[in-house]
Amino acid sequence: MCHTINTLFFDFGVNPTVYELDHIPGGREIEQALARHGVAGHGAANDFPVVFIGGNLVGGANEIMTLHLNGSLSGMLKRAGALWL
């Protein structure tokens, strides 16, 4: 997960589960499957991280930062049970 998003989640007190696709067996195939389903582009650096909250696709870093700036990220994290305050 990109450092910025990881830091944001840790600042919220959230301990995200992170799958580094370039470090796990079958990661390349997962990346290709995400691209086929329109979740990520074809290997462009700004397509990742792909963030799911509560099992729901939220999007990439831009979407996470937009949700944070408009104040709705904390609510999503609370509803997912990732944030208790």
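The values are calculated or read from the model by the stated rules, or taken from the named source; none is laboratory data. Keep in mind that what you see is a predicted model, and the values were worked out from it rather than measured. Glycine gets a Cβ as well: all are built from the backbone with ideal geometry, and neighbour counts include every protein chain shown. Surface accessibility is based on the protein's heavy atoms, side chains included, excluding ligands, DNA and RNA. Shrake-Rupley method; radii C 1.70, N 1.55, O 1.52, S 1.80 Å.
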Skipping prolines and chain starts, which residues have an amide H placed within reach, meaning under 5 Å, of the one on Gly59, given they are 5 or more residues away or on another chain? Val51
Bin width 5 Å, alpha-carbon pairs only: give the P(r) of the chain as whole percents, running from 0 to the bin holding the largest distance. 3, 14, 25, 26, 16, 11, 4, 0
Name the residue from Thr7, Gly27, Asn70 whose Cα lies farthest towards the positive end of the charge dipole of the chain, charges +1 on Cβ of Lys and Arg and -1 on Cβ of Asp and Glu. Asn70
Helix 3-12 versus the longest principal axis of the chain: what is the Cα-based angle in degrees, 0 to 90, to the nearest 10? 30 degrees
Taking all protein chains as present, what is the carbon and sulfur share of the accessible area of the chain, in % to the nearest whole number, probe 1.4 Å? 55 percent
In nanometres, what is the gap between the two model label sites at Thr7 and Glu20, each 7 Å from Cα along Cα-to-Cβ? 1.8 nm
In sequence order, calculated HN-Hα J values of the range 32-39 (Karplus, 6.51, -1.76, 1.60; Hz; x Gly/Pro): 5, 5, 4, 5, 4, 8, x, 7
Length gain on complete extension for the stretch Met65 to Ala35, per 0.36 nm per residue less the alpha carbon to alpha carbon distance? 8.7 nm
